[in-house]
1. Name the single residue, out of those in segment 203-216 being more than 18 Å from Asp31 (Cβ to Cβ) and over 16 Å from the mean Cα position of the chain (by Cα), that is farthest from the ligand (Cβ to nearest atom).
2. Could you check segment 191-200 and list, in sequence order, the residues that are more than 9 Å from the ligand (Cβ to nearest atom) and touching an Asp or Glu at 6+ places or on another chain (Cβ under 8 Å)?
3. Looking at Ala238, Ala164, Ala225, can you tell me which residue is within 15 Å of the ligand (Cβ to nearest atom), among the small types (Gly, Ala, Ser), over 14 Å from the mean Cα position of the chain (by Cα) and under 20 Å from Leu57 (Cβ atoms)?
4. Are there any strands (runs of 3 or more DSSP E) wholly within segment 168-239 with 1 or more residues that are of a type outside the set (A, V, I, L, M, F, W, C), and if so which?
5. For segment 57-70, which positions are surrounded by fewer than 18 Cβ atoms within 10 Å (Cβ to Cβ) and either in a strand (DSSP E or B) or small (Gly, Ala, Ser) (or both)?
6. Of the numbered conditions (1) surrounded by 20 or more Cβ atoms within 10 Å (Cβ to Cβ); (2) within 14 Å of the ligand (Cβ to nearest atom); (3) under 15 Å from the mean Cα position of the chain (by Cα), Thr154 fails exactly one; give the number of that condition.
7. Residues being in contact (Cβ under 8 Å) with a residue 24 or more places away in the chain and assigned to a loop (DSSP other than H, G, I, E, B): count how many of those fall in segment 80-139.
Amino acid sequence: MVKKELLYEGKAKKMYKTDDPNMIIVEYKNDLTAFNALKKDSIEGKGSLNNAISASLFEYMNENGIPNHFIQKIDDTHQIVKKVRILPVEVVVRNITTGTLCKRLGIEENIRLPRPLIEFYYKNDQLGDPLILEDHAELFGWATKEQISFMKETSLKVNTLMSAYFDTLNIILVDFKLEFGVDANGTILLADEMSPDTCRFWDKTTMKKLDKDRFRKDLGDVLGAYREIWRRISEKEAN
Ligand code: C5P
């Protein structure tokens, strides 16, 4: 597959056209941003780790019947995915309280929720991705009722699968964000990425944060944390 002109550049990835109109090539960048890009950095090696981690997690989704955009990893920093129109609704699933949930609602940190909490955010950089209700998404045409139901059901399945997977790696899946897109046939698919940029991972024994919170909170050794996630995933894959 031939990498053609740049279609779109996001905060952590670049999307390129290919010779197949239904496929695009994603390049994972070393750039890291937080707080709606108010905080920025670039860490050599981050892109290739996220490319590898995301590819493995999407393969795991494929093995478990979660329809998604992933086709194949082609090199260190690139993967082929199906071309989709990303819906402007981000889904966050939370198992343990932290992050903006605690800030927004004054909730205590580190409480395991009795069941997963699903939140919807309007994907809009200018507005800083505000929290929305399902009704906003439906009434303003950001997603249909059916798409919203699909996103909710699929996000819960992904949470069950990912929580079990990371449990075997001695990691707690604290929370994560998913994005969905619609392909040329109008089919809704899980899209974007699944990586330490978009998930919170805590080591089960030490509770050490192994994700982008190390960057957000200046905890140091960001790359070491991403490497540790990839080490545990790749060791599991080798067995
Ligand atoms: O910051 P907050 O607590 O809302 O994040 C919840 C989860 O969603 C975290 O895992 C975070 O990494 C992810 N997230 C994301 N992109 C955003 C907002 C949140 O990947 N724009």
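1. Let us first name the residues in segment 203-216 that are more than 18 Å from Asp31 (Cβ to Cβ), namely 203-210.
Applying the additional criterion that residues be over 16 Å from the mean Cα position of the chain (by Cα) yields 203-209.
Working: Asp203: 16, Lys204: 17, Thr205: 21, Thr206: 19, Met207: 16, Lys208: 16, Lys209: 11 Å.
The residue in question is Thr205.
2. Correct list: Ala191 only.
3. Details: Ala238 fails: within 15 Å of the ligand (Cβ to nearest atom); Ala164 fails: within 15 Å of the ligand (Cβ to nearest atom).
Every option except Ala225 fails the conditions.
4. Details: elements: 171-182, 188-191, 199-203.
Those strands (runs of 3 or more DSSP E) span 171-182, 199-203.
5. Gly65
6. (2) is the only condition that Thr154 fails.
7. 9
Rule-based calculations on the coordinates, nothing more; no lab input. Computed from a predicted structure; not experimentally measured. Heads up, the Cβs are rebuilt from the backbone with ideal geometry, glycines too, and the neighbour counts pull from every protein chain shown.
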